[in-house]
């Protein structure tokens, strides 16, 4: 029998909620690939699809890594949580900061929540001490 798990409820609640939100982020990202038709990033729909796919797979892998107490999982989670801000930065360069902040405000709050949960002092301290 394997020791690998998908959700670890023995971690602090900040990491537990971050796991759930990273899984949700991964699923929503994969579902959004179907509706990608008019989305462009750096002038290309192919780059946009690749970035969304990488962020989705990265978020799912990060949640799995966090559940199994791997440091790479936490680091990948932080990187995957920062990816939407890179996309918003490119959006701000193309369309202005006002449009970047008003584009999908609920998604912006979701992105801030995931990043905040992962960078929270309790999460960072737990992964530093207990993760391999």
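The values are calculated or read from the model by the stated rules, or taken from the named source; none is laboratory data. Quantities reported herein were computed from a predicted structural model and do not represent experimental measurements. FYI the Cβ positions are ideal-geometry reconstructions off the backbone, even for glycines, and counts take in every protein chain you see.
When you look at residue 69, is it part of a loop (DSSP other than H, G, I, E, B), crowded, with 17+ Cβ neighbours inside 10 Å and either out of contact with any helix residue (DSSP H, G or I) (no Cβ under 8 Å at 6 or more places or on another chain) or in contact (Cβ under 8 Å) with a residue 24 or more places away in the chain (or both), yes or no? Taking the combined requirement at face value, the residue satisfies it. You will find that of 62, 100, the residue that is closer than 12 Å to residue 22 by Cα, touching a helix residue (DSSP H, G or I) at 6+ places or on another chain (Cβ under 9 Å) and assigned to a helix (DSSP H, G or I) is 62 and no other. Evaluation of residue 80 against the conditions (1) at pLDDT 90 or above; (2) touching a helix residue (DSSP H, G or I) at 6+ places or on another chain (Cβ under 6 Å); (3) under 19 Å from residue 12 (Cα atoms) shows that the sole unmet condition is (3). Of all the listed residues (76, 108, 89, 115), the sole one being loosely packed, with under 13 Cβ neighbours inside 10 Å and either in a helix (DSSP H, G or I) or without any contact (Cβ under 8 Å) to a residue 60 or more places away in the chain (or both) is 89.
State yes or no: is residue 58 touching a residue at least 24 places away in the same chain (Cβ under 8 Å) and more than 22 Å from residue 3 (Cβ to Cβ)?
Yes.
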